[in-house]
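The values are calculated or read from the model by the stated rules, or taken from the named source; none is laboratory data. Note that the coordinates shown come from a computational prediction; the quantities given were computed from them, not determined experimentally. Neighbour counts are summed over all protein chains in view; Cβ atoms, including those assigned to glycine, are modelled from backbone coordinates with ideal geometry.
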């Protein structure tokens with residue numbers, strides 16, 4: 001059994017790091033007998049699609065978890081829905097500003113993610129880490145990959161569950177200029193622990 005978990009590269013116009021990848025790369029390579037495949041994906045909408053498609057085709061995972069940063073959230077946010085809409089408030093790392101565009105032109109309005117979202121959030125809270133369910137992944141790259149991954153899985157009838165987890169900024173990001181002022185942060189080790197708990201929860205469901 002394999003699980004693919006991804007984090008994003010930094011949003012380079014604002015930050016030198018991205019907490020999603022910093023936390024993901026510190027996860028172990030194996031949890032409860034399941035191989036954990038950790039990959040960094042670009043903050044460029046079409047490149048992210050290609051990388052995700054290639055990774056899924058290469059590894060044939062049973063689950064895909066995309067992880068991204070949020071400058072607004074106090075804790076770990078487990079996303080329930082991806083919508084077929086891009087409305088970027090900042091450009092991606094290639095300068096693309098997608099305004100009022102569909103993620104997939106002929107795709108449905110939205111997909112529910114298929115991870116055990118509530119169980120993940122409850123398990124993270126039980127581990128002493130703030131976490132909640134969320135009904136919006138925004139309209140930037142986090143939502144884009146949430147929707148794209150689910151669309152890929154659904155249209156190809158792949159036996160894969162997938163979803164998205166938002167994590168707070170790191171302290172170093174909150175000390176740098178207007179993008180960090182007044183924002184919430186979480187230590188990277190705590191974020192990694194939360195993701196470890198999420199993976200344990202997913203593995204438990206997959207093994208039932």
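Summary table below
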quantity: Strands (runs of 3 or more DSSP E) contained in the range 44-139 and holding at least 2 residues farther than 22 Å from residue 152 by Cα; calculated: 63-70, 76-79, 131-134
quantity: Out of 125, 104, 109, sole residue that is surrounded by fewer than 20 Cβ atoms within 10 Å (Cβ to Cβ), in contact with a strand residue (DSSP E or B) (Cβ under 6 Å, 6 or more places away or on another chain), on the phi < 0 side of the Ramachandran plot and at pLDDT 95 or above; calculated: 125
quantity: Where residue 37 falls short, out of the listed (1) touching a strand residue (DSSP E or B) at 6+ places or on another chain (Cβ under 6 Å); (2) farther than 28 Å from residue 99 by Cβ; (3) part of a helix (DSSP H, G or I); calculated: (3)
quantity: Filtered residue count, the range 155-208, keeping only those that are surrounded by fewer than 19 Cβ atoms within 10 Å (Cβ to Cβ), at pLDDT below 95, in contact with a helix residue (DSSP H, G or I) (Cβ under 9 Å, 6 or more places away or on another chain) and farther than 21 Å from residue 12 by Cβ; calculated: 3
quantity: Residues within the range 1-31 that are loosely packed, with under 13 Cβ neighbours inside 10 Å and assigned to a loop (DSSP other than H, G, I, E, B), tallied; calculated: 6
